[in-house]
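The values are calculated or read from the model by the stated rules, or taken from the named source; none is laboratory data. In this text, all values refer to a predicted model and were calculated from it rather than measured experimentally. For neighbour counting, all protein chains shown are included, and Cβ atoms are generated from backbone atoms with ideal geometry for every residue, glycine included.
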Amino acid sequence: MDDDSWAQSWLCDMDGVLIAEGSMVEGADRFLERLRSTGRTFLVLTNNSLFTPREICDQLSSMGLEVDEKQLWTSALATAQFVHTQRPEGRAFVIGETSLHVALHDVGYHEDSQNPDYVVLGETQDYSFDDFATATRLIEAGSHFVATNPEPTGPSPDGSLPGCGAMAALIERATGVVPYFVGKPNSVMIREALRILEAHSTTTVMIGDRVETDIRAGTEAGLETILVLSGVAGEGDVDRFPYRPSRVVGSVADLIDEL
């Protein structure tokens, strides 16, 4: 692709694309700097709802990556924005870390364990049986079930951890109610990111390391997609799905000279 047609806006997944196993993917710092120096806008998208944008910025900075809070779009923020657009200033019973509670508070949501509009589930390292029991009863009583992201596992230095998708499956099995996942592959998260950047799908690229979330979300939103092999996916994964990335590269470092 020549320089004139190369995308002007980029949506970049975080884990497996910019960072992996607690450190920066080689060349990720130069990739982000190249986006900046060529005047390209970008957002870092992550389905991880454990941390606030400020916490993520601090983590990235400790690995050598400088990203502004306004350049982060997390599934916690996207979920808060979604429920706000559906039922402004509503009420929610929330299971998740501070990041999710803060995101909902910032859009004017109130927490309610008695008669909420939504049960909102995010990732947390402190799941409580009592919270799951409350969530089950509320959903049975008619509260809508929304979750931040569908991944069954998440990364950690010690290996995989149970993710939001796995915890959502527990509540789904108990209630028979399927959650609405806001994070990737839901293209709602992508479309809101485009709105934030004031970008158009035809001039935007989605880059990620998971075919079933990143590439699917980008494809359904009409974006060009790039799969990197620096995270979860291997080359053999490309043919497993009906949707394919526009390109496959080893890592973001392979894109620097093309920008």
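Observations on the structure shown:
- Reported count of residues in segment 167-191, each being farther than 15 Å from Thr213 by Cβ and not hydroxyl-bearing (Ser, Thr, Tyr), is 12.
- Considering residues of segment 185-226 that are of a type in the set (Asp, Glu) and in a helix (DSSP H, G or I) only, the residue surrounded by the fewest Cβ atoms within 10 Å (Cβ to Cβ): Glu220
- Residue in segment 171-179 that is in contact (Cβ under 8 Å) with a residue 40 or more places away in the chain, touching a strand residue (DSSP E or B) at 6+ places or on another chain (Cβ under 6 Å) and within 28 Å of Gln59 (Cβ to Cβ) present: yes
- Looking only at residues in segment 96-145 that are in contact (Cβ under 8 Å) with a residue 60 or more places away in the chain and either buried (at least 24 other Cβ atoms within 10 Å of the Cβ) or among the basic types (Lys, Arg) (or both), the one that is farthest from Ser160 (Cα to Cα) is Gly122.
- Residues located in segment 40-58, provided they are surrounded by fewer than 19 Cβ atoms within 10 Å (Cβ to Cβ) and either under 18 Å from Asn149 (Cβ atoms) or at pLDDT below 95 (or both): Glu55
- Here Arg173 passes the criteria (1) assigned to a helix (DSSP H, G or I); (2) closer than 23 Å to Leu50 by Cβ except the one numbered (2).
- Among residues of segment 6-28 that are closer than 22 Å to Glu198 by Cβ, those with a Cβ under 9 angstrom from a residue that is aromatic (Phe, Trp, Tyr), sequence gap 6+ or separate chain, pair up as Ser9/Phe42; Trp10/Phe42; Leu11/Phe42; Leu11/Trp73; Cys12/Phe31; Cys12/Phe42.
- In this entry, Gly159 passes the filter for residues that are surrounded by fewer than 19 Cβ atoms within 10 Å (Cβ to Cβ), without any contact (Cβ under 8 Å) to a residue 60 or more places away in the chain and at positive phi.
- The single residue among Glu69, Glu55 that is touching a Lys or Arg at 6+ places or on another chain (Cβ under 9 Å) and not assigned by TED's automatic domain parsing to the domain that holds Val205 turns out to be Glu69.
- Annotation note: of Ala168, Ala174, the sole residue that is at pLDDT 95 or above, within 24 Å of Gly16 (Cα to Cα), surrounded by 15 or more Cβ atoms within 10 Å (Cβ to Cβ) and outside the structural domain of Leu18 (by TED's automatic domain parsing) is Ala168.
- Residue list for segment 185-225, filter: among the β-branched types (Val, Ile, Thr) and under 14 Å from the mean Cα position of the chain (by Cα): Val188, Ile190, Ile207, Val211, Thr213, Ile215
- Among all residues of segment 115-132, there is at least one that is assigned to a helix (DSSP H, G or I) and either of a type outside the set (A, V, I, L, M, F, W, C) or within 16 Å of the chain's Cα centre (by Cα) (or both).
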